[in-house]
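One structure below.
The values are calculated or read from the model by the stated rules, or taken from the named source; none is laboratory data. Bear in mind that the values here come from a model prediction, so they are computed numbers and not experimental data. In this analysis, Cβ positions are derived from the backbone assuming ideal geometry, glycine residues included, and neighbour counts consider all displayed protein chains.
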Amino acid sequence: MDTRFFVIWMEEITAAVRAGRDHLTRLDAAIGDADHGTNLDRGFAAVAEALAARPPDTPGGVLVLAGSTLIRKVGGASGPLYGTAFRDMGKALGDAADVSAAELASALEAGLAGVRRLGGAEEGDKTMVDALAPAARAMARTVDAGGDPEEAFAAAAAAAEEGAKATVPLVARKGRASYLGARSAGHEDPGAASTALIVGALRAVATR
Ligand code: ADP
Ligand code: MG
Ligand code: MG
C-alpha cells in the first residue's frame with residue numbers, strides 16, 4: 001500500500017463519517033452528550049483539508065498528519081484518542097514508501113496501544129477499544145495465515161463491526177457513558193460504532 005492508498009483511506013473515512021454522522025450522534029445522545037457524529041465529521045473534514053493543503057509523501061506522513069489534525073480539531077474524548085491512534089500508526093510506519101499488510105497490521109496494534117495508554121480502557125469497558133482490539137487481532141491473524149490485504153481488511157472490518165455490536169449489553173466503565181452506570185447498558189457505544197466505520201473504510205479502499 002502506497003501513499004495514495006492511505007490518502008484514499010482518509011477520503012473513505014471522511015465520506016463514511018459524513019454519511020454516518022447523524023447515526024453516531026444519536027448513539028451518543030443515548031449514553032453521552034450527542035456530539036460524536038459532529039465531532040468526527042468536523043475532524044475528518046479538517047483532515048481532508050490538511051491533506052489537500054500539505055500532501056504528505058509517505059503513508060506514515062498521511063497518518064501522522066491525520067492524527068495531529070484530529071487532536072487539534074476535535075474537542076471531546078474521541079479527538080485525542082483517534083488522533084493518538086492515527087499518529088502512533090503513522091509513527092510505526094516510519095518513512096516507508098510502501099507498506100505491506102503485515103506492517104499495517106503491526107501499525108494498527110501500535111494505534112490500539114496508543115489508545116489504551118491514553119484512555120486506560122480495557123476490552124469490555126464499552127469504548128472504541130471494543131472494536132479496535134478485535135480488528136487488530138483479526139488483521140494480524142489473517143496476515144499471519146497468509147491472507148492477502150483484501151482478506152485481512154475484510155476480516156478486520158467484520159471483527160470491528162461485531163465488536164461494536166457486542167458493546168450493546170455492556171455497562172460503560174470509561175468515558176462519559178460511565179457516569180450513567182447500569183443505565184448505559186442496552187445501547188451501542190458510539191466510539192465503537194465509529195471505529196467500525198473507520199476500519200470498514202479500509203476494506204472499502206481495498207475492494208474499490
Ligand atoms: P465526548 O464523550 O467527550 O463527548 P465523543 O462523543 O466524541 O467525546 O466520543 C465518545 C467516545 O469516546 C465513546 O463512545 C468511547 O468509545 C470513546 N471513549 C471515551 N473515553 C474513552 C477512553 N478512556 N478510552 C477509550 N475510548 C474512550
Ligand atoms: Mg460525546
Ligand atoms: Mg462532548
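Descriptive notes on the structure:
- Subset of region 62-75 that is surrounded by fewer than 19 Cβ atoms within 10 Å (Cβ to Cβ) and small (Gly, Ala, Ser) - its residue that is nearest to ligand 1 (Cβ to nearest atom): Gly75
- Among residues that are within 15 Å of ligand 3 (Cβ to nearest atom), of a type outside the set (Ser, Thr, Tyr) and modelled with pLDDT of 95 or more, Leu63 is not included.
- Residue within region 13-24 that is modelled with pLDDT under 95 and either touching a His at 6+ places or on another chain (Cβ under 9 Å) or within 16 Å of ligand 3 (Cβ to nearest atom) (or both) present: no
- Test: residue in region 122-143 that is surrounded by fewer than 22 Cβ atoms within 10 Å (Cβ to Cβ), hydrophobic (A, V, I, L, M, F, W, C) and under 23 Å from Ile71 (Cα atoms): no
- Residue match in region 30-43 (condition: aliphatic (A, V, I, L, M), more than 28 Å from Ala172 (Cα to Cα) and crowded, with 19+ Cβ neighbours inside 10 Å): no
- Only residues that are away from ligand 2 (no atom under 16 Å from the Cβ) and under 17 Å from the mean Cα position of the chain (by Cα) were counted across region 165-208, and they come to 12.
- Set Asp41, Asp35, Asp57: member being near ligand 1 (Cβ under 10 Å from one of its atoms) and at negative phi: Asp35
- Note on region 75-97: among residues that are at pLDDT 95 or above and within 14 Å of ligand 3 (Cβ to nearest atom), the one that is nearest to Val64 (Cα to Cα) is Tyr82.
- You will find that of Ala113, Ala159, Ala145, Ala135, the residue that is modelled with pLDDT of 95 or more, among the hydrophobic types (A, V, I, L, M, F, W, C), within 16 Å of the chain's Cα centre (by Cα) and farther than 16 Å from Arg203 by Cβ is Ala113 and no other.
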